[in-house]
Amino acid sequence: MKYFPLFHHIEHKRCLIVGGGKVALRRVKALVAANAKVHLIAPEILPELQQLIRQHQGQVSRKKVDISSLSIEYFCVIAATNNREVNSDLVKFSNSYGIPVNVVDDQSCCDFIFPSIIDRAPLTVAVSNNGSSPLLSRLLKQQIDAYVPASFGVLSQFVGEHRDHVKSVIPNEKQRKTFWEHVLQGAIGEAIYSGNTEHAKVLLDSALDQPEAYNLQGEVYLIGAGPGDPDLLTLRAFRLLQQSDVVLYDRLVSDGVMALIKPDTETIYVGKRRGKHTVPQVDINQLLVEYAQQGKRVARLKGGDPFIFGRGGEEIEQLLDLGIPFQVVPGITAANGCSSYAGIPLTHRDYAQSVQFVTGQFQDGTTTLNWDELVSPRKTLVFYMGLKSLPVICHSLVTHGMDPEYPVALIEKGTTKSQKILVSSLSKLPDQLDKQTISSPSLLIIGEVVKLHRKLNWY
Ligand code: SAH
């Protein structure tokens, strides 16, 4: 290890940056974020640097001094010019006074280098590869950035604030470690990630009343798996899936999403098929409760978004009644996924000012839909679960006044590699469907926006 990472207390300390270009700008920004005082010397500076000086008067100031007459009271010096002579003078000056120096693009002269920083104050992660590839460090930083929840810093602060108290309640170090593990990876940590620090405090207090029992407390994550493409999962969904002990999933969850689950996680299929419930809803609700009561972290993974035609509401009701902690993670619903991947914007200034999501699943073939309300101009209709009743849908819209030539698109297995799109009109689609082999899951988009498919189809 050539460069040893040290975290410096740099607040209010004076740092000198010589240079007025892009690198200087990056360094000034980093030092400003750390509350350092910055002196900047450069004959010319970027407008962004000028703006920073205006924004942070008193903290960042421009000095018009000659390098040869520099004061020695600097915490560090950064040579960020493209003039070798100036940089070399700065190195000589710094070395003679024992001030650490950093020279841009000349690592041989650097006493220190700048890492890529993941800032979740008070948590800070610094990434460096001894300067061999700043780009690689930045790429790794991006990966860590995506993986560390935005409110990880708040969690760190929360732990810091309660450390002493927890220590006094649980003096045994091993028990305390187990307790903290459950706190950080369980409902309390998740309450903080969801922005509810007050609730986290309430949970912590009640957990401290019975630390042994708390270690047995499970929770449920109701997660939207999106329409198919695993890349459409949210970061939170991915993180929670990784930390789940058991995953209950249904038919619409794609193989790609299932492949992201760790191999040692228990997975249980609770899917349903039309008219044929593999596992009745009450049994699913009961399974969620039972696993959580065993102290497990249970992911209930549902296609699309759990709150759009997903019965997600019913599944959390019972958890709420029993006081089992849970959270709901939204997913990209089929309407959004399919419309994007089919190049059909759901709204458009010229064609549609509103969009309506409608269920096409009619109990016993009868429907209580208000067709007159659906048939209004400049509106996009999206029918979920409408494949079986597609002829009824098309026919009813026409008899209630919609133009038989109105454009429709039927999208099968949207966002996946097997995506198929059939573009047609209200009057023609039912007959065409007979000849084509379109299967479930399929989504029906009705509206003038469908015309844009030909032009905007990109996938
Ligand atoms: N909660 C889900 C919808 C469940 S209802 C969501 O938010 O997307 C099931 C219906 O969703 C299917 O019958 C179909 O109409 C639609 N659907 C889900 N995934 C789809 C996909 N990849 N392509 C096309 N339609 C899809």
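The values are calculated or read from the model by the stated rules, or taken from the named source; none is laboratory data. Note that the structure is predicted; figures quoted are calculated from it, not measured. Cβ: placed from backbone, ideal geometry, glycine included. Neighbour counts: every protein chain shown.
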Next item on the list: Scan segment 290-331 for residues that are under 25 Å from I192 (Cβ atoms) and either within 13 Å of the ligand (Cβ to nearest atom) or in a loop (DSSP other than H, G, I, E, B) (or both) and report the count.
Entry: 19
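Results for (1) loosely packed, with under 14 Cβ neighbours inside 10 Å; (2) over 28 Å from Y3 (Cβ atoms), shown as yes or no for each residue.
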residue	(1), (2)
P122	yes, no
S128	no, no
S132	yes, no
R138	yes, no
D164	yes, yes
I170	no, yes
H182	no, yes
Y193	no, yes
E219	no, yes
Note to self: I'd like the full set of residues that are near the ligand (Cβ under 10 Å from one of its atoms) and not in a strand (DSSP E or B), limited to segment 440-459.
What the structure shows: S440, P441
Margin query: Looking at L208, L240, can you tell me which residue is more than 15 Å from the ligand (Cβ to nearest atom), at pLDDT 90 or above and in contact with a helix residue (DSSP H, G or I) (Cβ under 6 Å, 6 or more places away or on another chain)?
Written below: L208
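Suppose we filter segment 16-57 for residues that are in a strand (DSSP E or B) and surrounded by fewer than 21 Cβ atoms within 10 Å (Cβ to Cβ); how many remain? Break it down into steps so the answer makes sense when it comes.
Looking only at segment 16-57, we keep the residues that are in a strand (DSSP E or B), and these are 16-18, 37-41.
Pick out the ones that are also surrounded by fewer than 21 Cβ atoms within 10 Å (Cβ to Cβ) and you get 37, 39.
Summing the residues that are in a strand (DSSP E or B) and surrounded by fewer than 21 Cβ atoms within 10 Å (Cβ to Cβ) in segment 16-57 gives 2.
Residue check: is V270 surrounded by 15 or more Cβ atoms within 10 Å (Cβ to Cβ), closer than 26 Å to I411 by Cα, at pLDDT below 95 and not assigned by TED's automatic domain parsing to the domain that holds Q363?
On the way: surrounded by 15 or more Cβ atoms within 10 Å (Cβ to Cβ): yes; closer than 26 Å to I411 by Cα: yes; at pLDDT below 95: yes; not assigned by TED's automatic domain parsing to the domain that holds Q363: yes.
It is true that V270 is surrounded by 15 or more Cβ atoms within 10 Å (Cβ to Cβ), closer than 26 Å to I411 by Cα, at pLDDT below 95 and not assigned by TED's automatic domain parsing to the domain that holds Q363.
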Note to self: Checking the condition of a type in the set (S, T, Y) and away from the ligand (no atom under 16 Å from the Cβ), which residue from T234, T197 passes?
What the structure shows: T197
Check: Could you give every pair whose Cβ atoms fall below 9 Å, whose first residue belongs to segment 249-265 and is outside any loop (DSSP other than H, G, I, E, B), and whose second residue is acidic (D, E), counting only separations of at least 6 or pairs across chains?
Finding: G256/D229; G256/D231; V257/D229
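Out of S427, S396, which single residue is assigned to a helix (DSSP H, G or I) and of a type in the set (S, T, Y)?
Details: S427 fails: assigned to a helix (DSSP H, G or I).
Answer to the selection: S396.
Answer with yes or no whether I411 is within 11 Å of the ligand (Cβ to nearest atom) and either closer than 12 Å to V375 by Cβ or of a type in the set (A, V, I, L, M, F, W, C) (or both). First the steps, then the outcome.
Details: within 11 Å of the ligand (Cβ to nearest atom): yes; either closer than 12 Å to V375 by Cβ or of a type in the set (A, V, I, L, M, F, W, C) (or both): yes.
Yes.
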